[in-house]
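K.L.:
Before anything else, here's the structure in question.
We did not get these values from a lab; they are worked out from the coordinates using the rules stated. Every value quoted in this text rests on a predicted model; they were computed, and no experiment measured them. Cβ placement follows ideal geometry from the backbone for every residue including glycine, while neighbour counts extend to all protein chains displayed.
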Protein chains: 2
Amino acid sequence: MSIANTPKPPYYAVIFTSIHTNKEKEEYDTASARMVELAQNMPGFLGVESLRDKSGFGITSVYWKDKESIKAWRYHEEHKIVKKRGRAIWYEKYIVRIAKVEKDYGKI
Amino acid sequence: MSIANTPKPPYYAVIFTSIHTNKEKEEYDTASARMVELAQNMPGFLGVESLRDKSGFGITSVYWKDKESIKAWRYHEEHKIVKKRGRAIWYEKYIVRIAKVEKDYGKI
């Protein structure tokens with residue numbers, strides 16, 4: 001995992017913060033890898049940054065070209081099924097924040 | 001660390017993604033804790049979510065009421081000194097993304 005090589009703003013960030021139940025971890029790991037693979041092939045995908053600690057707390061920030069590409073991913077059939085599973089089994093708590101990146105700067 | 005209890009959007013996220021040099025780690029830890037303490041007492045501070053793995057890759061998402069509160073924190077004298085130190089010593093690479101949270105949802 002490293003810093004996502006995003007283009008010049010504006011673009012969008014979907015910040016997904018969650019606390020795992022740590023139930024069905026193997027199933028989750030497989031589904032999670034599959035979701036990253038699928039997302040990366042969606043139009044408008046710009047990058048992903050993700051971390052989780054041992055307690056189950058995680059932050060995933062996915063970058064997208066625009067709201068339309070986020071919407072297309074949100075309604076992707078396989079993603080919808082996995083999200084349902086996530087809400088029911090894997091996540092004790094989570095929040096999804098949709099944010100428009102207006103500016104960025106750094107040393108990259 | 002847990003999910004930040006942010007209010008109803010709109011508000012702002014400052015997403016700071018970085019790769020540590022792992023130099024002067026003790027000095028960094030002290031400065032980092034001090035910066036969180038200072039930020040929490042700034043007007044408009046809404047919450048922080050932060051993780052770093054063993055390799056030195058980290059994601060910190062700080063939530064603020066508006067651009068004015070981000071600006072006030074950006075130009076805070078003690079913060080400015082620490083940022084300079086960060087650029088010179090602690091961070092191999094970093095990117096700061098300023099994003100307006102337009103929408104959120106979840107299970108919290």
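K.L.:
Suppose every K and R has +1 on its Cβ and every D and E has -1 on its Cβ; what is the size of the dipole of the stretch A:60-104 about the Cα centre, in Debye to the nearest 20? All intermediate terms of the calculation are to be shown ahead of the outcome.
P.N.:
Numbers: 13 positive and 7 negative charges, 42 e Å.
Computed about the Cα centre, the dipole is about 200 debye.
K.L.:
Report the percentage of all Cα-Cα pairs in the protein assembly as shown whose separation exceeds 28 Å, rounded to a whole percent. Numbers along the way, then the final one.
P.N.:
On the way: 6091 of 23220 pairs.
Within the protein assembly as shown, distances greater than 28 Å cover 26 percent of Cα pairs.
K.L.:
Also, quick follow-up: Got a sec? Charge dipole of the protein assembly as shown, +1 on Cβ for Lys and Arg, -1 for Asp and Glu; which of B:96, A:60, B:3 is way out at the positive end?
P.N.:
B:96
K.L.:
Can you pull the mean other chain C-beta count within 10 Å for peptide A:86-99? Could the numbers behind the result be given before it?
P.N.:
Details: counts 1, 2, 0, 0, 0, 2, 3, 5, 5, 10, 5, 15, 8, 16.
The shielding value for this peptide is 5.
K.L.:
Given Cα pairs under 8 Å that are at least 6 residues apart, what percent is the relative contact order of chain B? The partial results should precede the final answer.
P.N.:
Working: 160 pairs, mean separation 50.1, N = 108.
46 percent.
K.L.:
How big is the gap, in Å, between the Cα center of the stretch B:34-108 and the Cα center of the stretch A:6-75?
P.N.:
Computed from Cα coordinates, the inter-centre distance equals 21 Å.
K.L.:
Given charges of +1 on the Cβ of Lys and Arg and -1 on the Cβ of Asp and Glu, with all other atoms neutral, how large is the dipole of the stretch A:11-101 about its Cα centre, in debye to the nearest 20?
P.N.:
Details: 17 positive and 12 negative charges, 79 e Å.
That gives the stretch A:11-101 a dipole magnitude of about 380 debye.
K.L.:
To the nearest 0.05, what FRET efficiency results for residue B:38 and residue A:30 with a Förster distance of 45 Å applied to their C-beta separation? Please list the in-between numbers first.
P.N.:
Details: r = 42 Å, r/R0 = 0.94.
Working from the Cβ atoms, E equals 0.60.
K.L.:
Please state the shape class of the stretch B:34-96: rounded when a/c is under 1.5, otherwise prolate if a/b exceeds b/c and oblate if not, all from the C-alpha gyration tensor.
P.N.:
Working: a/c = 2.10, a/b = 1.39, b/c = 1.51.
Judged from the Cα gyration tensor, the stretch B:34-96 comes out oblate (a/c at least 1.5, b/c at or above a/b).
K.L.:
Moving to a separate point now. How large is the dipole of the protein assembly as shown about the Cα centre if only Lys and Arg carry +1 and Asp and Glu carry -1, each at its Cβ, rounded to the nearest 20 debye?
P.N.:
Details: 40 positive and 28 negative charges, 100 e Å.
The dipole of the protein assembly as shown has a size of about 480 debye.
K.L.:
I want the local charge near residue A:104. Using Cβ-Cβ distances under 9 Å, sum +1 for each Lys or Arg and -1 for each Asp or Glu among the other residues. Could you put the intermediate results ahead of the total?
P.N.:
Values: positive: A:8, A:103, B:97; negative: A:102.
Net of charged neighbours comes to +2.
K.L.:
Taking only DSSP H segments of four or more residues, each worth -39500 (n - 2.57), what value at 222 nm results for chain A once the sum is divided by all its residues, to the nearest 500 deg cm²/dmol? List each step's numbers first, then the result.
P.N.:
Working: 3 runs with 33 residues, N = 108.
So the helix-based figure for chain A works out to -9000 deg cm²/dmol.
K.L.:
Return the subset of B:8/B:71; A:8/A:84; A:100/B:67; A:65/B:71; B:25/B:67 for which the Cα-Cα distance in this structure is over 23 Å, preserving the input order.
P.N.:
Working: B:8/B:71 21 Å; A:8/A:84 34 Å; A:100/B:67 13 Å; A:65/B:71 26 Å; B:25/B:67 31 Å.
Too far apart for the 23 Å limit: A:8/A:84; A:65/B:71; B:25/B:67.
K.L.:
Still on this structure: Take peptide A:6-14, look around each residue's Cβ out to 10 angstrom, count Cβ atoms belonging to other protein chains, and average those counts.
P.N.:
2
K.L.:
Net charge within 13 Å of residue A:44 by Cβ-Cβ distance, Lys/Arg positive one each and Asp/Glu negative one each, not counting residue A:44 itself?
P.N.:
Working: positive: A:65, A:67, A:71, A:74; negative: A:66, A:68.
Net local charge, residue A:44 excluded: +2.
K.L.:
Using only Cα atoms, what is the ratio of the radius of gyration of chain B to 2.2 N^0.38 Å?
P.N.:
Numbers: Rg = 14.0 Å, N = 108, 2.2 N^0.38 = 13.0 Å.
Taking N as the residue count of chain B, the ratio is 1.07.
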